[in-house]
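Colleague: Structure incoming, see below.
Computed from the coordinates by the stated procedures, all read-outs in this text should not be read as laboratory data. Since the structure is predicted, the reported quantities are computational estimates derived from the model, not experimental observations. Reconstructed Cβ throughout: ideal geometry from the backbone, glycine too, with neighbour counts over all protein chains shown.
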Amino acid sequence: MLGVELRKRADPYVDKLIGMGLLTSVAGGTTVRLLPPYCITDEDLEMAIRALKNALSDSS
C-alpha cells in the first residue's frame, strides 16, 4: 500500500485519477491511497505514473 500525502483535500484528485482509469481512494482526508498489485506490468506502472503526474500537476 502506498500513500501520497497532499496539502489539500484528496477527493478531487482521487476523482480525476479514477476518471483516468487508476483506482485510488482517500485516506485521512488529504492522502491518496494506492494499492498496486504485486505483479504489475511496466505498461500499467507507466500509465499509473502518467495519471498521477497529470492529476497532481493540476492545481485546481
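Colleague: Only residues that are within 11 Å of L56 (Cα to Cα) and out of contact with any helix residue (DSSP H, G or I) (no Cβ under 7 Å at 6 or more places or on another chain): list them for segment 9-36, please.
Modeller: Going through segment 9-36, the residues within 11 Å of L56 (Cα to Cα) turn out to be 10, 12-14, 16-17, 32.
Those that are within 11 Å of L56 (Cα to Cα) and out of contact with any helix residue (DSSP H, G or I) (no Cβ under 7 Å at 6 or more places or on another chain): A10, P12, V14.
Colleague: Cβ-Cβ distance below 7 Å, separation of 6 or more or different chains: which pairs start in segment 16-32 with a residue that is at negative phi and end on one that is acidic (D, E) and in a strand (DSSP E or B)?
Modeller: Partner pairs satisfying both residue conditions: T30/E5; T31/E5.
Colleague: Just to check your reading of the model, which residue among R33, R50 is of a type in the set (D, E, K, R) and either surrounded by 14 or more Cβ atoms within 10 Å (Cβ to Cβ) or in contact with a His (Cβ under 6 Å, 6 or more places away or on another chain) (or both)? Even if it seems obvious, please write down each step before you answer.
Modeller: Working: R50 fails: either surrounded by 14 or more Cβ atoms within 10 Å (Cβ to Cβ) or in contact with a His (Cβ under 6 Å, 6 or more places away or on another chain) (or both).
Result: R33 is the single residue among R33, R50 that is of a type in the set (D, E, K, R) and either surrounded by 14 or more Cβ atoms within 10 Å (Cβ to Cβ) or in contact with a His (Cβ under 6 Å, 6 or more places away or on another chain) (or both).
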